[in-house]
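Down below is the structure, laid out as structure tokens.
Every read-out reported here was derived from the displayed coordinates using simple, explicitly stated rules and does not represent laboratory data. Predicted model only: the values in this text are computed from it and were never measured. Backbone-built Cβ (ideal geometry, glycine too); neighbour counts: all protein chains shown.
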Amino acid sequence: MAKKQRFRDTKQNRETKKSEVSKPKIPFAGLSLRMKAFLTDVFMLLMPLLYISIYLIFDGLEDVAEHRLEAWLYAIVPFLFFLTLFMAKDKGRTPGARAQGLKVINVHLLDEPTLL
């Protein structure tokens, strides 16, 4: 907070030193940490969904070969839903981001991100 200038200083044309408000330095996560977090999310969330899609919804790899797009959709749509759910409920931290110690923030406000 800037120091308030006194009246006598203004009258005598003296200026008080203004302290600059500086933003704290934020260490940004590197590419390797973000890739580790993404791969952790893929193995924790997408792989079980692919397993369910291949073996429980379809009857094995033979049916998946015939309906390849549908098999991927049955896995990707819930994966994106769960990622969005983690982002909304856990302050932007997916399981992979939590495992790597990453935190998602709004850079301009230095606050938690909003969903929209």
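For region 26-91, the relative contact order works out to 31 percent when only alpha carbon pairs closer than 8 Å and six or more residues apart are counted.
Based only on other Cβ atoms within 10 Å, what is the fewest-to-most ordering of Thr40, Thr114, Thr84, Thr94? The fewest-first ordering by Cβ neighbours comes to Thr114, Thr84, Thr40, Thr94. Just so you know, the Rg over Rh for region 29-100 is 1.08, from Cα atoms, with Rh as the Kirkwood radius. Rounded to the nearest Å, what's the spacing between the alpha carbon centres of region 19-86 and region 95-116? Just the number, please. About 17 Å separates the Cα centre of region 19-86 from the one of region 95-116.
Here Ser53, Ser32 are placed in order of increasing Cβ neighbour count within 10 Å, fewest first, which gives Ser32, Ser53. Length gained on full extension, Met35 to Asn13: 2.2 nm, using 0.36 nm per residue less the C-alpha separation.
Scalar couplings 3J(HN,Hα) for region 35-43, obtained by applying the Karplus form with A = 6.51, B = -1.76, C = 1.60 to θ = phi - 60°, are 5, 4, 5, 5, 5, 4, 4, 5, 6 Hz; x denotes Gly and Pro.
Restriction of the chymotrypsin sites (Phe, Trp or Tyr not before Pro) in region 46-116 to DSSP coil positions whose beta-carbon has at most 10 other beta-carbons within 10 angstrom yields no sites.
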